[in-house]
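Working notes for the structure below.
The values are calculated or read from the model by the stated rules, or taken from the named source; none is laboratory data. Fair warning: this is a prediction, and the values are worked out from it, not measured in the lab. Every residue, glycine as well, gets a Cβ built from its backbone with ideal geometry; the counts of neighbours run over all protein chains shown.
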Amino acid sequence: MGLETVLFLLLAVGAVLTALLVVTTPSPIGSALYLVGTMFCLAGLYVLLAAPFLAAIQVMVYAGAIIVLLLFVIMLLNLRRIEETVPRIWRIAGLFIAGLTLLALFVAIVRGSSVLPDMPAVPDGFGKVKALGEILFGKYLFAFEATSVLLLAAMIGAVTLVRKTGGEGRDGR
Amino acid sequence: MAVELSHYLLLSAVLFGIGTLGVLTRKNLIIILMSVELMLNAVNLTFISLARHAADQEAQVIVFFVLCVAAAEVAVGLAILISIWRKRGTMNVDALSALRG
């Protein structure tokens, strides 16, 4: 086994284990911390897939910003574990549907993978900032500008949603 | 054994399935939000492995946009979550049935 295989196996097992812990841990704080682990494993896989820029972005945006935001909200609201009073039948139904989705994806991938050619060699500068920037600010310039409008709208929306309007809400009544 | 495209695709399928499981079986709103993030990341992994496979960087640019949308989604989602907490004092999706969903 080469180094790439060993790294892939380590990161893949790490990602799946932490992802399972995210959806099974009772406390939200634990879930968020395991999600950081998943994000780091995925960033490692991105490096293996010749996407170093996206790996850096993954760590900064997901592990750095999004998870910190989630943790902030969890701690600010002092969320504790809530009783998971899911009826057993619904839990089984959920497992069944998730399993079905997984099975469908598995079948599609296994059937499709026989027609796929082998991995090509990585071209020079593939996935680096320069190459991605040229595409982003060339062909996708309009989409990039639209993204900035989206982020502005999300920002204004978030501020409007959490703003306390005089005397409303649980504690102001 | 060499790592092939199908291994990466299978891994992202597994992650997507785990995310689906979380959305369907958990009752805590914030954990459901995290499961959705997990599903988004599984899709990102698919994009990046296919970008590597086709030696085409445009798919990596798409992942960039997915990241932006995920950031916006988390910001708005958490804002909704906070206002629900203020009004209702609960995070349990069973208690939040005003829309009769």
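Within the group A:T18, A:T101, which residue is out of contact with any Cys (no Cβ under 7 Å at 6 or more places or on another chain) and crowded, with 16+ Cβ neighbours inside 10 Å?
A:T101
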Inset, instruction - Please work out if A:L70 is farther than 26 Å from B:A72 by Cα and either of a type in the set (A, V, I, L, M) or in the same structural domain as A:L9 (by TED's automatic domain parsing) (or both). - result: no
Legend entry - Qualifying position, being within 19 Å of B:L81 (Cα to Cα) and crowded, with 20+ Cβ neighbours inside 10 Å, among A:V68, A:V73: A:V73
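Could you please let me know if A:L7 is modelled with pLDDT of 90 or more, assigned to a helix (DSSP H, G or I) and at the interface with chain B (Cβ under 7 Å from one of its Cβ atoms)?
no
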Legend entry - Counted residues, the stretch A:56-72 - those being without any contact (Cβ under 8 Å) to a residue 24 or more places away in the chain and more than 9 Å from every other protein chain (Cβ to nearest Cβ): 5
Inset, instruction - Only residues that are at the interface with chain B (Cβ under 7 Å from one of its Cβ atoms) and at pLDDT below 75: list them for the stretch A:118-133, please. - result: A:M119, A:P120
